[in-house]
Amino acid sequence: MKVLITAGPTREAIDPARFISNYSSGKMGYALADACVHSGLEVLLISGPTQLEVPINCDYIAVESAQEMYEAVEQHIVDCDVAIFSAAVADYTYKTPATQKIKKKEDSLVLELEKTKDILGSARNTFNFTGLLIGFAAETEKLVANARTKLEIKGCDLIVANDISRKDSGFNVDNNQAYLITSKTEQELPLLSKKALALAITQWIKKRLS
Ligand code: CTP
């Protein structure tokens with residue numbers, strides 16, 4: 001059984017010296033890759049830039065932008081039985097990245113952004129993925145309701161939802177307090193280390209595959 005995992009942030013170039021990104025550390029995705037390898041699954045990790053070491057026995061593709069991540073997923077998802085989208089993909093990218101460093105001239109600078117492609121949202125309809133599909137939902141309000149909307153719109157079997165407004169959970173820290181949400185159920189997990197949450201998600205996957 002083969003699992004594709006997206007992880008980390010993406011970087012959207014402004015010019016050769018600058019980019020737009022977010023606070024994702026990649027810890028959740030890398031913990032998932034490690035847990036899946038240890039439970040006997042074959043893993044392909046597609047990751048934006050992080051400070052982390054790639055887990056052993058895991059295939060790895062490094063990407064930078066949302067578009068690069070989209071293309072890597074498009075190419076490899078067909079071979080996979082399970083896909084887990086834990087990356088914090090930029091929702092918007094700079095429309096016209098400069099080839100030379102932008103010089104400091106005016107008092108204000110307006111950057112026009114355009115929407116990136118929704119990679120998880122493309123899995124079912126564009127990539128025709130029929131395997132087990134797991135997404136994450138980073139929310140600051142109406143956690144369960146917003147996550148369930150994402151589950152339905154993106155055609156997921158499971159959404160792992162977390163409240164990113166909490167300081168002790170989610171972005172850039174070691175712990176995560178999550179809900180596991182399916183179309184029929186919702187399970188509130190306690191505050192767990194990302195490694196322990198990765199194990200819980202891997203157990204959920206193994207149960208569904210068996
Ligand atoms: N996702 C993705 N490609 C994008 C945006 C998001 O694959 N361009 C995936 C994320 O990896 C995550 C899920 O979609 O698994 C939900 O991401 P989230 O940031 O919570 O939601 P968005 O779909 O971006 O919606 P919004 O920002 O409006 O809440």
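Things worth noting here:
- Scanning segment 23-47 for residues that are at negative phi, not in a helix (DSSP H, G or I) and not polar (S, T, N, Q) gives Tyr23, Leu41, Glu42, Val43, Leu44, Leu45, Ile46.
- Listed conditions (1) among the aliphatic types (A, V, I, L, M); (2) touching a Ser or Thr at 6+ places or on another chain (Cβ under 8 Å); (3) under 30 Å from Gln100 (Cα atoms); (4) away from the ligand (no atom under 16 Å from the Cβ) are all met by Ile46, apart from (4).
- Scanning segment 132-162 for residues that are surrounded by fewer than 19 Cβ atoms within 10 Å (Cβ to Cβ) and either among the β-branched types (Val, Ile, Thr) or away from the ligand (no atom under 11 Å from the Cβ) (or both) yields Thr140, Val144, Ala145, Thr149, Glu152, Ile153, Gly155, Asp157.
- One residue stands out among those in segment 174-197 that are without any contact (Cβ under 8 Å) to a residue 12 or more places away in the chain and not polar (S, T, N, Q): the one that is nearest to Ala31 (Cα to Cα), which is Ala196.
- Output for segment 95-135, where each listed residue is within 21 Å of the chain's Cα centre (by Cα) and of a type in the set (Gly, Ala, Ser): Gly121, Ser122, Ala123, Gly131, Gly135
- Any chance Glu106 is under 18 Å from Asn22 (Cβ atoms) and surrounded by fewer than 14 Cβ atoms within 10 Å (Cβ to Cβ): no
- Among the residues making up segment 73-92, those that are surrounded by fewer than 19 Cβ atoms within 10 Å (Cβ to Cβ) and either more than 10 Å from the ligand (Cβ to nearest atom) or within 13 Å of the chain's Cα centre (by Cα) (or both) are Glu74, Gln75, His76, Val78, Asp79, Asp81, Asp91.
- Restricting Lys104, Lys95, Lys117, Lys142 to residues that are on the phi > 0 side of the Ramachandran plot and of a type in the set (Lys, Arg) narrows the list to Lys142.
- Across segment 102-128, the qualifying residues are those that are assigned to a loop (DSSP other than H, G, I, E, B) and touching a Leu at 6+ places or on another chain (Cβ under 9 Å), and the one among them that is farthest from the ligand (Cβ to nearest atom) is Ile102.
- Residues being more than 8 Å from the ligand (Cβ to nearest atom), among the charged types (D, E, K, R) and closer than 23 Å to Gly26 by Cβ are entirely absent from segment 93-101.
- Qualifying positions in segment 129-141 - in a loop (DSSP other than H, G, I, E, B) and aromatic (Phe, Trp, Tyr): Phe129
Readers should treat all values here as calculations from the given coordinates under stated rules, not as data from a laboratory. Since the structure is predicted, the reported quantities are computational estimates derived from the model, not experimental observations. FYI the Cβ positions are ideal-geometry reconstructions off the backbone, even for glycines, and counts take in every protein chain you see.
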